[in-house]
Each structure stands twice: as C-alpha cells, then as structure tokens.
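This report concerns only the one structure given below.
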Amino acid sequence: MEERDIYILGIESSCDETAASIVKNGREMLSNVISSQIALHTLFGGVVPEIASRKHIENIDGVISKALEDAEMSFDDIDAIAVTYGPGLVGALLVGVSEAKALAYALNKPLVGVNHIEGHICANYIHDKNFEPPYVALVASGGHSHLLYVKDYGKYEILGRTRDDAAGEAYDKVARAIGMGYPGGPKIDAAAKHGNADAIDFPKVFLEDDSYDFSFSGLKSAVLNYLNKQKMMNEPINENDVAASFQKSVVEVLTAKTIRAAKEKNVKKVAMAGGVSSNSALRLKMKELCNDNGFSLNVPEPILCTDNAAMIASAGFYDFIKGQRDGLDLNANPNLKLGER
C-alpha cells in the first residue's frame with residue numbers, strides 16, 4: 001500500500017439511489033450520503049428509469065457537496081474520483097459518469113471507472129478493516145445474483161450467476177403479486193417472520209449437480225400459480241405463509257451453493273454483498289451453516305448492502321493503486337460484466 005493516505009471520492013447512480021462518499025485507503029468511510037428515490041418509485045410499483053435519471057440530475061451536486069462537508073474535506077483533498085459505469089440503468093449511469101468526468105476534468109484529478117458488482121464486494125472491506133482475500137462471495141441484489149471466488153483484490157473467478165431472475169428481482173415480483181408493494185425485499189422479510197415457512201412446498205431449484213448458477217423464475221411462477229389457484233378455488237391466502245415459504249426456498253438455494261463453493265475452493269472465509277444480503281433469514285441461515293463448517297462469515301451492515309458510494313470508493317481505491325486510470329471517453333455500460341474493461 002502507498003506510504004501516504006489516499007482519499008477517494010466515490011459516486012454511485014446505477015439505479016435509484018444518488019450517492020457520494022469519501023473513503024480513506026479503501027477501508028475507512030469518512031462520509032456516506034445516499035439520496036433514495038424509494039418513496040417516488042413506490043407510486044409506480046418499481047423503478048421508472050426516466051424518472052430515476054431526472055432525479056439523479058437534480059440530486060447529484062448536493063449529494064457530493066454533503067459528502068465533502070461530512071468528511072470535513074474539499075476537492076483539493078481528494079486524490080481520485082471513482083464512479084460506477086456499469087452495470088445498471090443506462091440513463092442513471094450516464095448522470096454519475098458525466099458528473100465524474102466533469103469533476104475530473106475541471107479539477108485535474110484521476111478518474112477511475114468502477115464495476116457496480118465489484119463495488120458490492122468491496123463493501124466488506126469497509127465493514128471489516130482486516131478482511132482480505134481469498135474468500136467466496138455471494139452477491140445478491142435486485143439485478144444480480146453472483147457466486148464468486150475472490151482470489152485477490154480485483155481478481156475474481158465467477159462460479160455461478162443467475163440464468164433468469166435475480167434473487168432481489170424475484171422478491172420484488174412476488175411481493176407485488178401478494179399485494180405487498182415495492183420494495184419487495186424488506187416487506188417479504190418482515191411478513192415471513194409471522195408466517196410458517198413449511199406451509200407451502202415451493203420448489204428449490206438447484207439445476208445440474210455441479211452447477212453454481214441460480215434460477216428463480218420457476219419459483220416465482222410457482223408462487224404466482226399458487227396464488228391464482230387459491231383465488232380460483234375461493235380459498236384463503238395467508239400472505240405471511242406465502243412470504244415465509246417463498247423466502248425459505250430462496251435462502252436454501254443461496255446458502256447451499258455458497259457453502260459448497262467455499263468447500264470446493266478450500267477457503268475458510270465467506271462474504272455476502274448486495275441488497276438481498278440484508279435479509280434476516282439469509283443472514284441467519286448463512287451464519288448457521290458457516291458455523292457448522294468452520295467458516296467465518298462477513299456481511300456488511302444493511303446501509304452498505306444497498307447501493308451506496310462508499311463501496312464504489314473502496315473498489316476505486318484498489319483499482320487506483322494498481323494504476324488504473326480512465327479517460328474522458330469513459331462511457332456508461334449497462335451490461336458490463338465482472339472482469340471486463
């Protein structure tokens with residue numbers, strides 16, 4: 001690591017959170033400002049990309065100013081600007097990328113483009129300042145379900161990914177079908193605490209024996225079919241039982257594959273990241289299985305699991321000290337894959 005301290009300004013706008021953060025040496029969070037649009041998008045039952053982009057434009061300057069103020073710093077103190085450039089909603093990404101490029105040009109500061117998924121992984125380094133590779137990481141969010149072997153900083157082996165719906169996407173769609181509204185993850189998690197997880201036998205899709213991929217569209221369809229059948233038969237629907245039974249199927253698949261991967265890679269550390277890793281049932285089951293197998297488990301606090309800029313600044317730090325610099329031709333890449341440049 002460098003002799004002197006390095007301060008990174010992180011900017012995140014890949015979906016519906018406008019966020020900025022100052023992070024010192026990739027691990028010490030000096031500020032973390034998030035402007036959420038949840039209340040706005042709740043009216044529509046999900047994120048409306050055009051509205052999200054417009055709100056980012058309105059919010060981004062103020063969010064960056066607040067991040068500097070909270071850290072008691074000025075632009076002069078910043079060593080580089082890190083920004084999410086993919087994957088995500090293209091219009092939303094463009095707001096953050098354009099802002100970062102403008103700042104980098106005006107301030108003559110280095111620009112570092114960051115992969116959003118890598119950012120989620122790096123949230124673990126802020127949560128635990130001593131946590132380091134190698135380890136197996138489960139990244140589960142509204143748009144992504146990845147199982148990764150993290151060999152070193154910035155070096156990943158993708159073991160599995162979603163073939164259809166991401167875990168968080170399935171939560172949102174099932175919550176909408178039950179009538180719980182948006183965002184689905186926290187609402188199903190809360191309802192499941194009052195339900196019987198064994199009430200309904202929903203499928204647990206493990207795919208081929210050796211596969212680490214995920215598939216949740218069949219489970220989602222099974223829940224929809226169950227709800228439709230109950231309505232057609234004029235039978236009562238216990239929403240809490242549906243939520244708990246659905247959640248049990250998701251959690252069992254995510255945890256079983258993660259533990260199997262950790263055993264195969266012969267690591268003793270497991271990490272979780274992304275919005276779904278805030279889920280209480282997933283945390284509890286993963287902790288239980290890690291304890292049973294002698295693994296340590298690292299999960300960031302919920303504010304670092306959802307989209308935030310501190311994780312982007314952390315990822316940007318490790319890219320920066322390896323010498324990565326991006327030009328003013330950096331563009332948003334909504335379909336960016338992990339490991340791509």
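The values are calculated or read from the model by the stated rules, or taken from the named source; none is laboratory data. Here the structure is a predicted model, which means the values were calculated and not measured. No Cβ is skipped: glycine too gets one built from the backbone with ideal geometry, and neighbour counts run over all protein chains shown.
Looking at Val276, Val267, which is the one that is within 17 Å of the chain's Cα centre (by Cα), at negative phi and not aromatic (Phe, Trp, Tyr)?
Being within 17 Å of the chain's Cα centre (by Cα), at negative phi and not aromatic (Phe, Trp, Tyr) holds for just one of Val276, Val267, which is Val276.
Tell me yes or no: at least one residue of segment 188-209 is part of a helix (DSSP H, G or I), touching a strand residue (DSSP E or B) at 6+ places or on another chain (Cβ under 7 Å) and of a type in the set (A, V, I, L, M).
no
Run down Lys287, Lys269, Lys263 and say which single residue is outside the structural domain of Ala80 (by TED's automatic domain parsing) and more than 25 Å from Phe216 (Cβ to Cβ).
Matching residue, one of Lys287, Lys269, Lys263: Lys269.
Taking into account only those residues within segment 297-313 that are at pLDDT 95 or above and within 21 Å of Asp61 (Cα to Cα), which is surrounded by the fewest Cβ atoms within 10 Å (Cβ to Cβ)?
Asn308
Here is a yes/no grid of residues against (1) outside the structural domain of Ser14 (by TED's automatic domain parsing); (2) out of contact with any Asp or Glu (no Cβ under 9 Å at 6 or more places or on another chain); (3) touching a residue at least 24 places away in the same chain (Cβ under 8 Å); (4) over 30 Å from Asp152 (Cα atoms):
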site	(1), (2), (3), (4)
Gly46	no, no, yes, yes
Lys55	no, no, yes, yes
Ser74	no, yes, no, yes
Tyr105	no, yes, yes, yes
Val112	no, no, yes, no
Gly119	no, no, yes, no
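Can you tell me which residue in segment 259-274 is surrounded by the most Cβ atoms within 10 Å (Cβ to Cβ), limited to those that are in contact (Cβ under 8 Å) with a residue 40 or more places away in the chain and assigned to a helix (DSSP H, G or I)?
The qualifying residue surrounded by the most Cβ atoms within 10 Å (Cβ to Cβ) is Ala262.
Scan Ser277, Ser215 and give me the residue that is buried (at least 16 other Cβ atoms within 10 Å of the Cβ), over 21 Å from Ala123 (Cα atoms), small (Gly, Ala, Ser) and touching a strand residue (DSSP E or B) at 6+ places or on another chain (Cβ under 8 Å).
Selected residue: Ser215, the only one of Ser277, Ser215 that is buried (at least 16 other Cβ atoms within 10 Å of the Cβ), over 21 Å from Ala123 (Cα atoms), small (Gly, Ala, Ser) and touching a strand residue (DSSP E or B) at 6+ places or on another chain (Cβ under 8 Å).
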